[in-house]
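Since the structure comes first, as structure tokens, the remarks are kept for the end.
The values are calculated or read from the model by the stated rules, or taken from the named source; none is laboratory data. Just so we're clear, the structure is a prediction, and the values are computed from it rather than from any experiment. Cβ: placed from backbone, ideal geometry, glycine included. Neighbour counts: every protein chain shown.
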Amino acid sequence: MSTLSLGLIGFPIQHSLSPWIHNHFMKKLGINGEYVLYETKKEHFAATIDRLKEKQLNGFNVTVPYKQDIINYLDELDPDAARIGAVNTVTQINGKWKGYNTDGMGYVQSVRDYYPDLFQPKNRVLILGAGGAARGIYRALVQEPFSIVDIANRTFEKAQQLAELKDDHVETNILSFEEAQLRLEDYDYVVQTTSVGMNKEETIISLDNLKKGAVVSDIVYQPLMTSFLKEAHSNYGKIHQGHAMLLYQAQLAFQIWSGKQFGLGDTLKLMEERLRGNE
Ligand code: ATR
């Protein structure tokens with residue numbers, strides 16, 4: 001492969017870290033190429049799609065608000081992305097577009113790298129939220145050896161829809177946030193998937209009843225240390241920060257595009273320095 005032509009479609013994306021991440025991968029692997037931002041408003045979505053087809057990009061990422069819309073323009077869809085109902089990575093082979101979702105798998109790999117012993121049937125998992133991000137994460141978690149993956153959400157029906165993505169070996173109970181707060185001691189691993197806490201000092205639930213030593217994960221990465229994670233830390237939890245998900249989903253996407261497997265080395269540390277610079 002001589003050069004890679006890559007990009008990102010979404011809105012708003014001008015502050016996206018993805019160009020930095022993918023340029024870093026290209027440099028690391030000695031690949032020439034570019035990763036271009038295609039910031040697109042809703043009314044121009046179809047026109048940008050035409051442009052991407054014409055440019056014959058090798059691949060591109062898709063972010064908010066187009067992860068569902070893009071599916072109509074694909075020639076092929078990975079089965080897991082089809083179940084999740086959202087695509088964040090598209091690859092072009094012989095003029096055909098195939099869509100994948102690397103968000104959930106990337107997220108789970110990032111947690112496993114920090115806490116490999118967590119992935120055991122005896123450990124109980126609680127997901128907070130049932131939106132787009134939760135779908136990829138829930139789908140990836142139910143393919144792991146956990147026997148209980150519960151969901152707490154503000155809107156009960158959305159949690160019910162999410163639980164339809166369950167695998168047979170897993171039990172899923174649906175809780176309100178009040179119930180989740182009261183029963184928090186039952187869980188070994190809690191993941192916060194909503195945007196609550198983004199650029200604000202707020203937390204979705206109180207962690208007063210957290211089990212000592214439980215892993216608490218937040219997908220919000222601005223700020224890197226959210227109020228939720230601070231509270232987890234002061235209640236003797238082990239924390240997992242949101243930027244890792246962003247990096248690992250990008251790694252999986254880049255592996256699809258380049259066909260190369262590679263380690264992350266110190267990339268996460270470099271990313272932290274960049275994010276701290278933005279705070
Ligand atoms: P995303 O695609 O980023 O996950 P989303 O699909 O809008 O965004 O989902 C947002 C999730 O955050 C949902 O679970 C939403 O709860 P509802 O299903 O009740 O809408 C949750 N959420 C967002 N803001 C919230 C808030 N202020 N309090 C509680 N839950 C909130």
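Worth pointing out:
- Residue within the range 112-124 that is modelled with pLDDT of 95 or more, within 11 Å of the ligand (Cβ to nearest atom) and within 21 Å of the chain's Cα centre (by Cα) present: no
- For the range 122-171, the set of residues classified as assigned to a strand (DSSP E or B) and not basic (Lys, Arg) consists of 125, 126, 127, 128, 148, 149, 150, 151, 152, 171, listed by residue number.
- Qualifying residue in the range 239-247 (condition: within 16 Å of the ligand (Cβ to nearest atom), surrounded by fewer than 21 Cβ atoms within 10 Å (Cβ to Cβ), under 17 Å from residue 88 (Cα atoms) and modelled with pLDDT of 95 or more): yes
- Selected residue [in the same structural domain as residue 253 (by TED's automatic domain parsing), within 16 Å of the ligand (Cβ to nearest atom) and in contact (Cβ under 8 Å) with a residue 12 or more places away in the chain] from 127, 71: 71
- Scan of the range 146-158 for residues that are within 15 Å of the ligand (Cβ to nearest atom), out of contact with any helix residue (DSSP H, G or I) (no Cβ under 9 Å at 6 or more places or on another chain) and of a type outside the set (D, E, K, R), ordered by number: 155, 156
- Test: residue in the range 174-186 that is assigned to a helix (DSSP H, G or I), without any contact (Cβ under 8 Å) to a residue 40 or more places away in the chain, near the ligand (Cβ under 9 Å from one of its atoms) and aliphatic (A, V, I, L, M): no
Yes or no, residue by residue, for (1) of a type outside the set (D, E, K, R); (2) outside the structural domain of residue 134 (by TED's automatic domain parsing); (3) under 29 Å from residue 134 (Cβ atoms); (4) free of Cβ contacts under 8 Å to residues at least 24 places away in the same chain:
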residue	(1), (2), (3), (4)
19	yes, yes, yes, yes
23	yes, yes, no, yes
29	yes, yes, no, no
51	no, yes, no, yes
60	yes, yes, yes, no
65	yes, yes, yes, no
76	no, yes, yes, yes
